[in-house]
């Protein structure tokens, strides 16, 4: 059975979801906060430090906007599906604990030849007022499901930087990073089960793409936004290569006013998040 193209434009939800102070703390540790210096990111890793108010990492917005789709994409091997792209717009800083009403829809299924690209947009809104909190756009690539004669889809422009980065920051990841991150809700066995990872063509479980995304978001937050989540407006990037838990990640940033382009790479130079863009609000 091929992918089900009838799901395009069909809206799912609203789905009510909530999170606690513990959830946001666990997420921060799951994307490496406090790893290099346990005292350096206390607003994101503690809720009872003297003189420190708990804050939420901006990339937690992606989890806030996740919801069960309730849609049938078709019959395919889930080991052949990988996260391809992720973007979000944060309309306001997220509270340490809260609730949201999430609606989502598949905005396109595109034929990339070797596979299919499924694009999903979700909006998380305040359940009391209906005011948008997060708009999320993500895509997954399903290997082996292309060739059905569909459109290839739009191509976003991303001018190649022609100078050295304005900033470069390296963060470590833990060997058990994927085991920590999965506790925030993504229990895909690709990140924990050696047999499942082997079926997908990997020698061992890989790190969640959204964990790499969260590590990258920390670098952008601290370097470009003065560690202030209220200044972090939007972020997007394309996953281009796998990361194994324990590998270090270097984020290179090219600043142009309130916007910056970025890339995340491993120590051997392999780019793992490409075509990155971030929007920072003025102080």
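So residue 194 fits all but one of (1) within 24 Å of residue 80 (Cα to Cα); (2) modelled with pLDDT of 95 or more; (3) surrounded by 17 or more Cβ atoms within 10 Å (Cβ to Cβ); what number is the exception?
(3)
Could you pull out the residue among 230, 248 that is surrounded by fewer than 19 Cβ atoms within 10 Å (Cβ to Cβ) and within 15 Å of residue 174 (Cα to Cα)?
From the options 230, 248, the qualifying one is 248.
Among the residues that make up segment 230-244, is at least one of them part of a helix (DSSP H, G or I), under 21 Å from residue 62 (Cα atoms) and at pLDDT 95 or above?
So far as segment 230-244 goes, yes, one or more of its residues are part of a helix (DSSP H, G or I), under 21 Å from residue 62 (Cα atoms) and at pLDDT 95 or above.
A quick yes/no check of all residues on (1) under 17 Å from the mean Cα position of the chain (by Cα); (2) free of Cβ contacts under 8 Å to residues at least 12 places away in the same chain; (3) under 30 Å from residue 147 (Cβ atoms):
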position	(1), (2), (3)
5	no, no, yes
16	no, no, no
24	yes, no, no
35	no, no, no
46	no, no, no
55	no, no, no
74	no, no, yes
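Take the residues in segment 58-72 that are surrounded by fewer than 19 Cβ atoms within 10 Å (Cβ to Cβ) and touching a strand residue (DSSP E or B) at 6+ places or on another chain (Cβ under 7 Å), then tell me which one is modelled with the highest pLDDT.
68
Could you list, in sequence order, all residues of segment 245-283 that are in a loop (DSSP other than H, G, I, E, B) and in contact with a helix residue (DSSP H, G or I) (Cβ under 6 Å, 6 or more places away or on another chain)?
Answer for segment 245-283, where residues must be in a loop (DSSP other than H, G, I, E, B) and in contact with a helix residue (DSSP H, G or I) (Cβ under 6 Å, 6 or more places away or on another chain): 245, 281.
The values are calculated or read from the model by the stated rules, or taken from the named source; none is laboratory data. Keep in mind that this is a model prediction, so the values were computed, not measured. Heads up, the Cβs are rebuilt from the backbone with ideal geometry, glycines too, and the neighbour counts pull from every protein chain shown.
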